[in-house]
Amino acid sequence: MELHICTRNSGKVLRKFALGDLDELIIGREDGCDIRIKAPTISREHCTIEADNSGNLVLKDNNSTCGTFVSDEKIDSVRLEDGLEVVVGPAVLRFYDSGI
């Protein structure tokens with residue numbers, strides 16, 4: 001799975017990350033986060049990507065102040081799949097199946 005971080009306004013890709021085998025990946029504005037998005041609408045540890053018991057990758061909101069959204073609906077968690085778009089603050093997290 002590959003993660004593209006894009007701007008909400010223009011859709012411009014800012015960064016790309018290969019998710020591969022991971023235990024936990026934290027997205028937020030704090031220095032210690034694996035992926036930092038420096039914006040006031042992003043919580044210090046906004047959301048986490050981790051594998052569930054079946055090995056599927058899941059994105060979980062960490063009780064963020066401004067929320068995590070899929071299709072304009074606030075979510076607590078969502079299973080990652082090809083083409084999924086998740087909105088956090090000023091960013092869109094787009095997930096692609098890398099086919100590897």
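The values are calculated or read from the model by the stated rules, or taken from the named source; none is laboratory data. As the structure is a computational prediction, the values presented were derived from the model and not from experiment. With ideal geometry, Cβ positions are generated from the backbone for all residues, glycine too; neighbour counts draw on all protein chains shown. When the accessible area is computed, the model is the full protein with side chains, heavy atoms only, and any ligands, DNA or RNA have been set aside. Shrake-Rupley method; radii C 1.70, N 1.55, O 1.52, S 1.80 Å.
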Hey, got a sec? Which trypsin sites (Lys or Arg not before Pro) in region 9-100 land in a DSSP loop and have at most 15 other Cβ atoms within 10 Å? K12, K38, R44
Length released on extending from L19 to E45, taking residue separation times 0.36 nm less the Cα-Cα span: 7.6 nm
Cβ-based net charge around G83, under 14 Å, with every Lys or Arg adding one and every Asp or Glu removing one: -3
Once both labels are modelled 7 Å past Cα along the beta-carbon direction, what's the D72-D52 spacing in nm? 2.6 nm
I want the local charge near E50. Using Cβ-Cβ distances under 12 Å, sum +1 for each Lys or Arg and -1 for each Asp or Glu among the other residues. -3
Per residue value of the accessible surface for region 1-92 (all protein chains in place, 1.4 Å probe), Å²: 60 Å²
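Net charge around G32, counting only other residues with Cβ within less than 15 Å of its Cβ (Lys, Arg = +1; Asp, Glu = -1)?
Combined, the nearby Lys, Arg, Asp and Glu give -1.
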Quick one: pull the percent of accessible area on the chain belonging to carbon and sulfur, 1.4 Å probe, ligands and nucleic acids left out. 40 percent
Relative contact order (percent) for the chain, with alpha-carbon contacts under 8 angstrom and 6 or more residues of separation? 27 percent
